[in-house]
Amino acid sequence: PNDISYREMIRAAGKAERSDIAITTWRSALRRRLDKESQKDAEQWTPTIESLTALAIAIFRSASDSSKVDAHTQQGLYQLLVHMYKGILSGAPNHSMGMELIDKEAALGDQRVMLIFLQAITS
């Protein structure tokens, strides 16, 4: 799998309002990357800003539909988005969501993903 296949799976999960599948896909790609770090010849997945945007949209879409998720789950999803944003800013290794792998300048310059993070912070 490459970035395009992971991104499209995350997008499909987002359209189905299944943030759980989007998050699982993201984390699975990260685990696969960590496993491949010991293999020098294997191509490693590096998450792109497009993949991050797809993940953020999937999470936000699920969190913003209060008719399908309870308040506790909704709050948890918004907190995850805030955690992801802080991870991008800090650049500190976090193997849970791997935000240190995201190009910080590209993320901060992407209006779409920054709007999603801003909406999560204010929700």
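The values are calculated or read from the model by the stated rules, or taken from the named source; none is laboratory data. Since this is a predicted model, take the numbers as computed values, not measurements. Cβ: placed from backbone, ideal geometry, glycine included. Neighbour counts: every protein chain shown. These area figures cover heavy atoms from the full protein model, side chains too; ligands, DNA and RNA do not enter into them. Shrake-Rupley method; radii C 1.70, N 1.55, O 1.52, S 1.80 Å.
Just one residue in the set 17, 100 is in contact (Cβ under 8 Å) with a residue 24 or more places away in the chain, touching a helix residue (DSSP H, G or I) at 6+ places or on another chain (Cβ under 9 Å) and of a type in the set (D, E, K, R); that residue is 17. Answer yes or no as to whether residue 119 is polar (S, T, N, Q), surrounded by fewer than 20 Cβ atoms within 10 Å (Cβ to Cβ), part of a helix (DSSP H, G or I) and free of Cβ contacts under 8 Å to residues at least 12 places away in the same chain. Against the criterion (polar (S, T, N, Q), surrounded by fewer than 20 Cβ atoms within 10 Å (Cβ to Cβ), part of a helix (DSSP H, G or I) and free of Cβ contacts under 8 Å to residues at least 12 places away in the same chain), residue 119 does not qualify.
Checking 108, 101, 81 one by one, the residue that is under 15 Å from residue 22 (Cβ atoms) and either out of contact with any strand residue (DSSP E or B) (no Cβ under 6 Å at 6 or more places or on another chain) or of a type outside the set (Lys, Arg) (or both) is 81 and no other.
Looking only at residues in the range 88-101 that are open to solvent by 10 Å² or more (accessible area, probe 1.4 Å) and of a type outside the set (Ser, Thr, Tyr), which one is farthest from residue 29 (Cα to Cα)? Per the criteria, the residue is 89.
Among the residues examined, residue 114 does not qualify as part of a loop (DSSP other than H, G, I, E, B) and hydrophobic (A, V, I, L, M, F, W, C).
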